[in-house]
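The structure appears right after this line, and notes come after that.
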Amino acid sequence: MKQTGNTILITGGGSGIGEALAHRFHDKGNTVIIAGRRQEALQRACSGRERMYAITLDVESADGVADFSARLLAAHPTLNVLVNNAGIMRYEALDRSRDLTDTEATITTNLLGPIRLTDALIDHLCAQPDAAIVNVTSGLAFVPLVATPTYNATKAAIHSYTISMREALKGRVEVIELAPPAVQTALTPGQETRAAYLPLADFADEVMTLFAQEPTPSEILVERVHFQRFAEAEGRFDETLARLNEMAAKARGD
């Protein structure tokens, strides 16, 4: 992936990993557009940065994605990189009947959202030089957290979808997967200050180092996520599943 001179869209760019990556890519000399639901957060993330722009987007609405894409391309016709980062994570109990509102919202935001947005932009991206799509998944795509089953499932689905995209777009659009470990963000309550989680700045620094490799790896994997990503291949899945869930429960104070 070209490191500078791009026009990059990052969804979920008003906070957390999205905002950190937006700032890092902007610092490298790219034009960056961040998208999300909260205009105030987007504007704050853009503050003091020329060539960084905010556009509101509701990924839960198919019509909203279509409208957003039309406005985006009209304002930024040189767009050549899409980073599908927006996502939500909800705790769910599987041992009893429950309201599925959070489940359905997670599937819509984390799975249908990036599929819809990529579909809306794919013809444009295929016509651009140095085009790339970056799909943000999770270490939980490979070893799940029992307390967040739908989140894990959506990230596993996007991992699989990304592999298919990479083959379908070979030679036209570079397709990259970024799979974070547990990072100190506001994805779940209290996560920003959990000592066992990777500090956001450290994560972003390591990610950018990996993006700068030539050629860019098809999977961007910081060191902390390797124990999940390669657990099954290395014959230690059951051990990692137990250890991960014990660590997470302890971090949450369960």
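The values are calculated or read from the model by the stated rules, or taken from the named source; none is laboratory data. What you are looking at is a predicted structure, and each value in this text was computed from that prediction instead of being measured. As a convention, Cβ positions derive from the backbone with ideal geometry for all residues, glycine included, and neighbour counts pool all protein chains shown.
So here's what we get for this one:
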{"quantity": "Flag for THR188 being assigned to a loop (DSSP other than H, G, I, E, B), within 30 Å of ASP130 (Cβ to Cβ), of a type in the set (Ser, Thr, Tyr) and touching a residue at least 60 places away in the same chain (Cβ under 8 Å)", "calculated": "no"}
{"quantity": "Unmet criterion (only one of (1) more than 30 Å from PRO215 (Cβ to Cβ); (2) in contact with a Ser or Thr (Cβ under 8 Å, 6 or more places away or on another chain); (3) modelled with pLDDT of 95 or more) for GLU104", "calculated": "(2)"}
{"quantity": "Cβ pairs under 7 Å, 6+ apart, first in segment 143-159 and closer than 14 Å to ASN85 by Cα, second surrounded by fewer than 21 Cβ atoms within 10 Å (Cβ to Cβ)", "calculated": "TYR151/ARG90; THR154/ILE107; THR154/LEU111; ILE158/LEU111"}
{"quantity": "ALA242 being in a loop (DSSP other than H, G, I, E, B), loosely packed, with under 13 Cβ neighbours inside 10 Å, at negative phi and not β-branched (Val, Ile, Thr)", "calculated": "no"}
{"quantity": "Answer residue from segment 176-213, given it is aromatic (Phe, Trp, Tyr) and within 20 Å of ALA248 (Cα to Cα) and is modelled with the lowest pLDDT among those", "calculated": "TYR197"}
{"quantity": "Among residues of segment 231-251, those that are touching a residue at least 40 places away in the same chain (Cβ under 8 Å) and within 19 Å of LYS155 (Cα to Cα), counted", "calculated": "8"}
